[in-house]
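Values in this text are rule-based calculations from the coordinates and carry no lab data. Everything numeric here is computed off the predicted structure, so don't read it as measured data. Heads up, the Cβs are rebuilt from the backbone with ideal geometry, glycines too, and the neighbour counts pull from every protein chain shown.
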Amino acid sequence: MRYAFVTETYPPEINGVALTVQGLEHGLLERGHDVTLIRPRQREDALQTARSLLVRGASLPRYAGLNFGLPATRRLRNHWRQARPDAIYVATEGPLGWSALRAARQLEIPVATGFHTRFDDYVRSYGAAWLQGTALRWMRHFHNGAQATLVPTRELQTFLENARFHNVVQLPRAVDTQAFHPNQRDPRLRARWGLGDDALAVIYVGRIAPEKNLALAVRAFRQLQRLRPQARFVWVGDGPARAALQRENPDFIFCGIQRGEALARHFASGDLFVFPSLSETFGNVTLEALASGVPTVAFDYGAARETLRDGVHGAAIACDDADGFINATLRLGAEDALRNSMRMACREAVATLQPAKVAEAFDHLLQSLSLRSDHHAASVIP
């Protein structure tokens with residue numbers, strides 16, 4: 001089969017969308033399919049490869065290092081006329097994604113979209129709560145232009161169906177449990193953090209930005225410090241809130257963006273992962289923390305709702321319970337024996353979330369869209 005992926009973000013950019021898209025792409029390639037990637041040109045790009053079509057982009061405000069693709073309907077239409085894909089996956093809702101939907105509709109090529117970002121929640125985090133309804137309507141209009149909209153959780157599927165999104169299909173997320181593993185724990189890294197074997201490392205991994213509700217994590221850690229004065233708070237990632245957070249908390253350890261094996265070492269070298277975000281469609285980092293054997297405190301939605309059992313793998317907190325988040329951080333941070341008893345269960349929670357299984361399900365979905373399109377075309381040929 002021949003598939004096309006359209007995305008505004010892709011590694012080496014580091015975010016959940018880019019890494020999810022790359023994982024799906026690699027999964028289809030391993031299954032023997034031809035996949036063309038269509039995305040904005042990045043600073044690191046030299047020449048276009050046979051498997052990619054690079055388009056013009058522009059910098060995304062507030063997201064340093066990320067671009068969005070400029071409209072390219074005519075170019076996509078011409079490209080797909082010459083090399084027609086059996087199905088198209090559109091991962092992002094920017095101008096390039098809209099162009100892809102338009103060109104695919106004109107050529108009658110089936111499309112699946114990925115619902116990766118809760119823009120209706122993001123606008124609230126950036127002081128524009130009055131735009132939430134508009135953002136949701138805009139996303140509904142976009143995704144209802146496709147034959148299927150893919151979501152990672154049953155919870156999000158129900159929410160979108162109730163909001164009048166059509167053809168919403170759950171496609172679970174995967175985690176590489178060979179890469180993210182407790183044996184990546186690195187005493188030398190912990191020593192650089194100023195920690196001995198018995199000291200406590202609380203860790204956050206993700207974008208350092210207003211929509212991540214990071215003030216709550218800071219409050220929880222400061223209260224934990226009263227019980228564990230030698231505890232350290234390790235931050236992995238970057239974003240627009242980092243400078244102020246670093247200035248206001250000079251004792252915090254900021255490691256910047258980490259990739260690959262270095263990221264796995266940072267995860268496994270932590271003792272407690274805290275994830276206060278309330279704006280995720282999923283939250284891949286929760287799976288990576290659990291695969292690394294690190295008990296986790298998170299709100300009970302997205303990845304946590306799917307995989308994190310309260311009292312077994314850490315703590316899953318009701319979304320309106322900030323005090324509960326703090327209390328869980330205190331309880332798990334204070335009790336080393338409790339955390340250690342959870343480490344094996346954390347691994348077991350994600351053991352079945354294998355990339356190959358997700359790629360197989362994704363492949364079957366795209367093939368079904370292609371077959372449905374072929375049957376429709378055959379029915380209208382005189």
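Under the convention that each Lys and Arg Cβ holds +1 and each Asp and Glu Cβ holds -1, the size of the dipole of the stretch 182-349 around its Cα centre is about 500 debye. Projecting the Cα atoms of Gly302, Ala318, Ala264 onto the charge dipole of the stretch 182-349 (Cβ charges, centred on the Cα centre) puts Ala264 farthest toward the positive pole. Once you order the gyration tensor axes a ≥ b ≥ c over the Cα atoms, which shape class does the stretch 228-275 get: rounded for a/c under 1.5, otherwise prolate or oblate by comparing a/b with b/c? Taking the square roots of the gyration eigenvalues as a ≥ b ≥ c, the stretch 228-275 is oblate.
Hey, what did the chain get for relative contact order, percent, Cα under 8 Å, at least 6 apart?
16 percent
Assuming charge only on the beta carbon of Lys and Arg (+1) and of Asp and Glu (-1), the dipole of the stretch 204-291 about its Cα centre is about 280 debye to the nearest 20.
Given a Förster distance of 51 Å, report the FRET efficiency between Trp138 and Ala199 from their Cβ-Cβ distance, rounded to the nearest 0.05. With a Förster radius of 51 Å, E is 0.60. The stretch 269-318 and the stretch 351-374 have Cα centres separated by 26 Å.
As a rough footprinting exposure proxy, the listed residues Phe180, Phe68 were ranked by other beta carbons within 10 Å of their own, and the order from fewest upward is Phe68, Phe180. Taking a sphere under 15 Å around the Cβ of Asp176 and counting the other residues whose Cβ falls inside, with K and R at +1 and D and E at -1, yields a net charge of +1. Taken along the Cα-to-beta-carbon direction at a fixed 7 Å, the label points for Gln367 and Cys319 span 3.6 nm. Of Ser99, Ser59, the sequence from fewest to most neighbouring Cβ atoms within 10 angstrom is Ser59, Ser99. What the phi angles of the stretch 184-197 give under the Karplus curve with 6.51, -1.76 and 1.60, with θ = phi - 60°, is a coupling list of 7, 4, 10, x, 5, 5, 4, 5, 5, 7, x, 10, x, 4 Hz, glycine and proline written as x.
Each stretch of four or more DSSP H residues adds -39500 (n - 2.57); spread over every residue of the chain, this sum gives -13500 deg cm²/dmol at 222 nm. Charging the Cβ of each Asp and Glu at -1 and of each Lys and Arg at +1, and nothing else, the dipole of the chain about its Cα centre rounds to 940 debye. Residues Val175, Val294, arranged from fewest to most other Cβ atoms within 10 angstrom of their Cβ, appear as Val175, Val294.
Classify the stretch 182-349: rounded, prolate or oblate, from the alpha-carbon gyration tensor (a ≥ b ≥ c, eigenvalue square roots; a/c under 1.5 rounded; otherwise prolate if a/b is larger than b/c)? Rounded is the answer for the stretch 182-349, as its axis ratio a/c remains below 1.5.
Kirkwood analysis of the Cα pair distances in the chain returns a hydrodynamic radius of 21.8 Å.
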